[in-house]
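Novice: The structure is given below, and queries will be raised subsequently.
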Number of protein chains: 2
Amino acid sequence: MNATPPDGVGADRPASPVLQRKITIGDVAARAGVSKSAVSFVFNGRSGVGEEARERILEAARALEWRPDARARALSRSRAQALGLVIRRAPELLSTDPFFPQFVAGVESFLSTVGYALVLQVVDGEEAEREAYSRFAHEARVDGVFLTDLRVEDERPAELAGLGMPCVLLGSGTGEGTAPIGLDDAAGIRRAVRHLHALGHERIAHVSGSDRYVHSRVRREAWASELAQLGLRPGTVVEADFTGAAGARATHELLDDPEPPTAIIYANDIMAIAGISAAIDRGVRVPHDLSIIGFDDIPLAPYIIPPLTTVRQDVFQWGNACARALVSIVEGNEPGAIELPPVEFIVRGSTGPVRGQGEAIIEAAG
Amino acid sequence: MNATPPDGVGADRPASPVLQRKITIGDVAARAGVSKSAVSFVFNGRSGVGEEARERILEAARALEWRPDARARALSRSRAQALGLVIRRAPELLSTDPFFPQFVAGVESFLSTVGYALVLQVVDGEEAEREAYSRFAHEARVDGVFLTDLRVEDERPAELAGLGMPCVLLGSGTGEGTAPIGLDDAAGIRRAVRHLHALGHERIAHVSGSDRYVHSRVRREAWASELAQLGLRPGTVVEADFTGAAGARATHELLDDPEPPTAIIYANDIMAIAGISAAIDRGVRVPHDLSIIGFDDIPLAPYIIPPLTTVRQDVFQWGNACARALVSIVEGNEPGAIELPPVEFIVRGSTGPVRGQGEAIIEAAG
DNA sequence: GTGAAAGCGCTAACAA
DNA sequence: TTGTTAGCGCTTTCAC
């Protein structure tokens, strides 16, 4: 749509007043009375331009509302100045997952300060995910990617390395090699277990996420080891998939046990909330008969009945830190130390003291 | 970092086995024994290449794992082959809002079929939003943008036009000029009102979103007009901001009325769920004393106690349709007719028959 | 400290 | 039908 003057020579002014030619670095240079490279230098924070010229250049750019064209810049610097995020989620989890929007917001909070863009891709299967990364790499759309939902024996880091695509791994716990950046889920779970123990609970079950994910496994292991630490018998674990339906199902399964748990720790809030419903549906009172703990602290958690006791992570800061690290990596700098806020444990109404055996018997006899 | 052979002539094979040169269209052309333009033509679906040559080119590209570099392509075609989405949300709403992830997924579902990328920007204020659009435009990062949360007397369409940035408006209801693409919120609200009316309710209140948004206003007006249509007295409306806290506050305000409503329709599920809690906290039973209807059908809605009656929109399809329309626009084609699925009304346990005056009196007297 | 010129990898007009 | 060539707008080396 842009009208380019027919004469190939750079015209001083656009001939047509209607369809204006795109303003380029040349226009700014001309207006400031300097060369293109001078303008380039100023906009790339390099020395070699006098203070006075620099001022004129900035002024000209402002007047012309000019900014370096990202496409041209990307081409000549062989860098897209963009980062990629591939989100693989089952559709039914998408609108519920509190992680993704907050993480993106955190990433953006850093990227916008350094002029990077975030390119998003949402996929729903393994093949589509692989294809997405492959496209990012071959089309050179992005300079690096975030790898979320780290899996057990995950092949993606190696595949990305093969594509020459820098990445940061989002993972909980400590990994060897390329250390993942993550919040300390395990600490949150351990605090949950201790909280229940302090309330007198001894049969503490766990509804986990899919065991293929590192974060699921980390949470489950933290639960199991803390149980052992406190000298409690191993608890029952039911594997679910983070959906409300699965949380309800797992809860029923647990409560069907002849010796049901008096408390359940869920791998996320959605399952925990569905668990509350499931329990109440079968006449099990929360927290009177059953204490329930979630994970995430979704904004709805305080507005459930009873309000949900849960573990809160600062996903926004996590995203910010990951973005910071990835930009450092793609720019060839040493990523500085990463400081993430600790997880918080939020006690609300869904947990309470265990109802003693004696009390139960008396009640039954009465 | 790439080692470019010192000789400018296109070498047959990369000289260095370690740092391999990036593969370009020239390599593919050489391998297939054709010119670069032949390769370009094939990859842009243009005629002018013989079937046999075409086959060789595709084969060569496959062997070399080559795809057109998005940056170079963007520069020479003056098109980024990317679309932008600026999301402006208060942080506390981000992780709850069911719209954004689903919309993005829907957008992607179309974009990935046509090789467009989605560039995201999350901002939290008016100035930042303006700046984001300005950057998209001046840096030519994207070819068009989605404009969400259309506001009353919104200046953004005009600003975008001034920047020469194509856009599609996401809006409910019908607008004149550039027609927004949207689902029919109003129909959902009207069905909610009729549902309550059929259950005998006559005092039906509404907790709306901020009145600055077109969608808030559309929903409120649908509620008010349907009330009138049914011959009911005008109901009370309380303006809130889509958060749980605001929903709870609005609910208390409504129930404090000497003549409180017997049913409340909320502008989203979060506020409705918080409303249920607020009601129960003050001894008002749902749905026995108060019927509650939400909007969105978040995945948690069936797992609340009582399960939430609500209006469901197919945001995924909405996103898909918007993407389709925007791509048509930026490619200069006539956007085809847009067919969006109708909203659904989901009846669950949070609504029930109104408790008659008589019954209340009898109970009070008893 | 400044300017000229050669790319970055692709597309597209034009010539053969 | 095929190949040649001139950009797209910026960065960056290298003379001046």
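Novice: How would B:269, B:314 line up from fewest to most surrounding beta-carbon atoms within 10 angstrom?
Specialist: B:314, B:269
Novice: Could you work out, residue by residue across A:102-108, how many beta carbons of other chains sit within 10 Å of that residue's beta carbon, and then give the average as an integer?
Specialist: Mean shielding count: 5.
Novice: Once you place label points 7 Å from the Cα toward the Cβ at residue A:317 and residue B:202, how far apart are they in nm?
Specialist: The modelled label-to-label distance comes out at 5.6 nm.
Novice: Here is a follow-up. Figure the gain on full extension for residue B:44 and residue B:90 (residue separation times 0.36 nm, minus the Cα-Cα span) and round it to one decimal in nm.
Specialist: Length difference between fully extended and current span is 12.4 nm.
Novice: Would you kindly derive the ³J(HN,Hα) couplings of the range A:135-149 from the backbone phi angles with the Karplus curve 6.51 cos²θ - 1.76 cosθ + 1.60 (θ = phi - 60°), listing them in order in whole Hz, with x for Gly and Pro?
Specialist: Here the 3J(HN,Hα) series is 5, 3, 6, 5, 7, 6, 6, 9, 9, x, 9, 9, 10, 9, 6 Hz.
Novice: Please report the antiparallel percentage of DSSP beta bridges with both residues in the protein assembly as shown, rounded to the nearest 5.
Specialist: In the protein assembly as shown, DSSP labels about 15 percent of beta bridges as antiparallel.
Novice: Mind ordering A:227-239, B:332-344, A:81-93, A:157-169 by average Cβ neighbours within 10 Å, highest first?
Specialist: A:81-93, A:157-169, A:227-239, B:332-344
Novice: Among A:255, B:110, B:354, whose Cα lies farthest out toward the positive end of the dipole of the protein assembly as shown, if unit charges sit on the beta carbon of Lys, Arg (+1) and Asp, Glu (-1)?
Specialist: B:110
Novice: Next question, about the same structure. Scan around residue B:151 for amide H atoms under 5 Å from its own, H built in the peptide plane at 1.01 Å from N, and keep only partners 5 or more places away or cross-chain.
Specialist: Here B:214 satisfy the definition.
Novice: In whole Hz, what ³J(HN,Hα) sequence does the range B:153-163 give by Karplus (6.51, -1.76, 1.60; θ = phi - 60°), x for Gly and Pro?
Specialist: For the range B:153-163, the Karplus-derived couplings read 6, 6, 8, 5, x, 5, 4, 5, 4, x, 7 Hz, x marking Gly and Pro.
Novice: Any chance you could list the semi-axes, whole Å, largest first, of the equivalent ellipsoid that the Cα gyration tensor gives for chain B, using √(5λ)?
Specialist: In descending order the semi-axes read 56, 19, 18 Å.
Novice: Additional query: How fast does the range A:111-167 diffuse by Stokes-Einstein, in µm²/s, taking the Kirkwood radius from C-alpha pairs at 10 °C and 1.306 mPa s?
Specialist: The diffusion coefficient I find is 130 µm²/s.
Novice: While we're looking at this one, here's another question. Compute the distance in nm between two label points, each set 7 Å from the Cα along the Cα-to-Cβ direction, one at residue A:280 and one at residue A:159.
Specialist: 4.2 nm
Novice: What aspartates and glutamates does residue B:36 reach when the alpha-carbon gap must be under 12 Å and sequence neighbours fewer than 8 apart in one chain are set aside?
Specialist: Residue B:36 reaches B:27.
Novice: Can you sort B:195, A:215 so the residue with the fewest Cβ neighbours within 10 Å comes first?
Specialist: Listed from fewest to most nearby Cβ atoms, that is B:195, A:215.
Novice: Quick check for me: using +1 on Lys/Arg Cβ and -1 on Asp/Glu Cβ, what's the dipole size of chain B about its Cα centre, in debye to the nearest 20?
Specialist: I would put it at about 1200 debye.
Novice: Which FRET efficiency, nearest 0.05, do residue B:72 and residue B:51 yield, Cβ-Cβ r, R0 22 Å?
Specialist: E(calc), rounded to 0.05, equals 0.25.
Novice: Within 10 Å of each Cβ of A:140-153, how many other protein chain Cβ atoms are there on average?
Specialist: That works out to 1 on average.
Novice: Dipole size in debye (nearest 20) for the range B:25-69 around its Cα centre, Lys and Arg Cβ +1, Asp and Glu Cβ -1?
Specialist: 100 debye
Novice: Next question. Provide the per-residue ³J(HN,Hα) series for the range A:38-53, in order, calculated from phi with Karplus coefficients 6.51, -1.76, 1.60 and θ = phi - 60°, each as a whole number of Hz, with x at glycine and proline positions.
Specialist: Here the 3J(HN,Hα) series is 4, 4, 4, 4, 4, 6, 10, x, 9, 6, x, 10, x, 4, 6, 4 Hz.
Novice: Could you size up the charge dipole of the protein assembly as shown around its Cα centre, putting +1 on the beta carbon of Lys and Arg and -1 on that of Asp and Glu, and report it in debye to the nearest 20?
Specialist: For the protein assembly as shown, the charge dipole is close to 1780 debye.
Novice: I would also like to ask the following. Roughly how crowded by other chains is peptide A:272-284, in terms of the mean Cβ count from those chains within 10 Å of each of its Cβ atoms?
Specialist: 2
Novice: Right, next: Determine by what factor the alpha-carbon radius of gyration of the range A:63-193 differs from 2.2 N^0.38 Å, reporting the quotient.
Specialist: This ratio for the range A:63-193 stands at 1.19.
Novice: Could I ask something else about it? Can you list residues from other chains, or at least 5 along the same chain, whose modelled amide H is less than 5 Å from the amide H of residue A:346?
Specialist: Placed amide hydrogens put A:310, A:311, A:312 under 5 Å from residue A:346.
Novice: Report the dimensions of the protein assembly as shown along its three principal axes from the alpha-carbon atoms, largest first, rounded to Å.
Specialist: Largest to smallest, the principal-axis extents are 96, 66, 60 Å.
Novice: Just the Cα atoms of the range B:297-354: what Rg and Dmax do they give in Å?
Specialist: Expressed in Å, the Cα Rg and Dmax of the range B:297-354 come to 17.1, 55.
Novice: Local charge sum around residue B:287 (other residues, Cβ-Cβ under 10 Å, Lys/Arg +1, Asp/Glu -1)?
Specialist: Net local charge, residue B:287 excluded: +2.
Novice: Ok, one more. Report the paramagnetic label zone for residue B:337: residues of the range B:178-197 whose backbone N is under 19 Å from a point 7 Å from Cα along the Cα-to-Cβ axis.
Specialist: Under 19 Å, as judged by backbone N against the label point of residue B:337, lie B:179-184 of the range B:178-197.
Novice: Using every pair of alpha-carbon atoms in the range A:25-69, split the distances into 5 Å bins beginning at 0 and state the percent of pairs per bin, rounded to integers.
Specialist: Once binned at 5 Å, the Cα pair distances of the range A:25-69 give 5, 29, 41, 21, 4.
Novice: Grab the beta carbon distance between residue A:35 and residue B:288, set R0 = 60 Å, and tell me the FRET efficiency rounded to 0.05.
Specialist: 0.15
Novice: Between residue A:344 and residue B:63, what's the calculated FRET efficiency when r is the beta-carbon distance and R0 is 35 Å? Round to 0.05.
Specialist: It comes out at approximately 0.05.
Novice: While we're here: Run down the aspartates and glutamates and flag those whose C-alpha is under 17 Å from the C-alpha of residue B:22, throwing out any fewer than 8 positions away in its chain.
Specialist: Leaving aside aspartates and glutamates fewer than 8 places away in the same chain, those within reach of residue B:22 are A:139, A:143, B:7, B:12, B:65, B:69.
Every read-out reported here was derived from the displayed coordinates using simple, explicitly stated rules and does not represent laboratory data. If you're wondering where the values come from, they're calculated on a predicted model, not measured in any experiment. Don't worry about glycine lacking a Cβ; one is built from the backbone with ideal geometry, like all the others, and counts go over all protein chains shown.
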